[in-house]
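Undergrad: Here's a structure for you.
No lab work stands behind these numbers, since they all come straight from the coordinates. On a predicted model such as this, the values are computed, not experimentally measured, just so you know. Because the Cβ atoms are built from the backbone with ideal geometry, glycine has one as well, and the counts that use them run over all protein chains shown.
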Amino acid sequence: MTPGHCLVIPKRHVRDIFELDDDDAAHVMQACRSVANIVRDRLEPLGINLVNNNGAAADQSQFHFHIHLIPRYGRDRLLHPWERSYGNPDQIRSIAEILRGEREIPRSE
């Protein structure tokens, strides 16, 4: 991706974030922080992206959980995986209510 692109991979095999237990998740994030600090201090990127894909529809191609640490140097030709836009406030509010468990997802019959 860019110079210094690293992967953080748990020792115990899990397919994706949904199989990752709390202890392994904590260790992975601590490792991400440690590696990010090393990359920042030694390579001096302008920023770092942490990227993780879960499921084929999310572009996961290796079915072993891992997190990419991608140093960003400006004008590095990497694209955002999404187009930035403002969401519909009513839809955002509705999704927040579903996520908080205040209402169910509307189902078509």
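Undergrad: Using the per-residue mean of other Cβ atoms lying within 10 Å as a proxy for protection, in what order, highest first, do the peptides 86-98, 16-28 fall? Write down the numbers at each step before the final one.
TA: Details: 86-98: 10.3, 16-28: 13.5.
In decreasing order of mean packing, 86-98, 16-28 become 16-28, 86-98.
Undergrad: In degrees from 0 to 90, rounded to the nearest 10, what is the angle of the helix 89-99 Cα long axis to the longest principal axis of the chain?
TA: Its long axis makes an angle of about 90 degrees.
Undergrad: Could you tell me how many degrees, from 0 to 90 and to the nearest 10, lie between the Cα long axis of helix 22-43 and the main elongation axis, the longest principal axis, of the Cα atoms of the chain?
TA: Helix 22-43 sits roughly 40 degrees off the main axis of the chain.
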